[in-house]
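The values are calculated or read from the model by the stated rules, or taken from the named source; none is laboratory data. All values reported here derive from a predicted model rather than from experimental measurement. Using ideal geometry, Cβ is built from the backbone for each residue, glycine included, and neighbour counts are taken over all protein chains shown. Heads up: the accessible areas ignore ligands, DNA and RNA and are worked out on the full protein's heavy atoms, side chains in. Shrake-Rupley method; radii C 1.70, N 1.55, O 1.52, S 1.80 Å.
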Amino acid sequence: MQTSAVPDLAHTHARPIHWLATAAAMAAVVAGAAMLQPEAATASQAGGIRTAAAPAPAPAPDPAAVTYPLDCAGAPSVVAKRATGDIDGDGRPETVVAAHCRAGSGTPPSGLYVLARGAGTGARVVATLVEPRERRSVSEVSVSGGAVGATLFGYSSPDVPSCCPDQRETVKWRWEGDKFVRSAATAARSA
């Protein structure tokens, strides 16, 4: 009688420890694959041409970097109000500034100026919306929807003391063609 020798295959029986080791190994492979992800695919134009990302928009002009056309007789000028936004639709922000001379008392007249970026990174005054000689003070400035808005205080006559403006007017300016056009949002009235 011939007996065939059957090898002992006890080690080929799966035991719970084998399944646990296999699961741990698979988890390690999946975790490793998740950490080594390729970069996201990006579409390109025909011919492999890629377009550069749009440059970051330039910041609005800095009011501190400008000398204002104010005659302050040696006193410093003060930027009292400012607002920024794209006024002329060119995609770059402008800054609107209400500035006046520092005064010890009274209400000094303001100038309302539009600043734009000059050559390089500097700023420059490109428009004067309110001249200081008009004897107005500016209490609010805004830029919204491409329009400059301001609340102006003034005087009904030269006899009104400079401490106490007696007229209030809300106005807007819009860039049209190559200049700012002023319109009254509310008529002048006594304050």
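How much length is gained on full extension from Arg102 to Arg168, taking 0.36 nm per residue of separation minus their Cα-Cα distance? Write out the running numbers ahead of the final one.
On the way: separation 66, 0.36 × 66 = 23.76 nm, distance 2.19 nm.
That pair, Arg102 and Arg168, stretches by 21.6 nm at full extension.
Taking Cα pairs under 8 Å and at least six residues apart, what relative contact order does segment 65-140 come out at, in percent?
Once divided by the residue count of segment 65-140, the mean separation gives 27 percent.
What ³J(HN,Hα) values, in whole Hz, does the Karplus curve 6.51 cos²θ - 1.76 cosθ + 1.60 give for segment 83-100 when θ = phi - 60°, with x put for Gly and Pro?
8, 10, x, 7, 8, 9, x, 8, x, 10, x, 10, 10, 10, 10, 9, 10, 8
Quick one: ranking Leu70, Leu112 by accessible area, 1.4 Å probe, largest first, what do you get?
Output order, biggest surface exposure first: Leu70, Leu112.
I'd like the per residue volume of the convex hull spanned by the Cα atoms of segment 63-158, given in cubic angstrom.
Spread over its residues, the Cα hull of segment 63-158 gives 99 Å³ apiece.
Could you compute the net charge surrounding Ala80? Neighbours are other residues with a C-beta less than 14 Å from the C-beta of Ala80; K and R count +1, D and E count -1.
Here the charged neighbours net out to +3.
Accessible area of Cys164, 1.4 Å probe, to the nearest 10 Å²?
Roll a 1.4 Å probe over it and Cys164 shows about 70 Å².
Around Val130, with a cut-off of 12 angstrom between Cβ atoms, what is the net charge of the other residues, counting Lys and Arg +1 and Asp and Glu -1?
Result for the local shell: +2.
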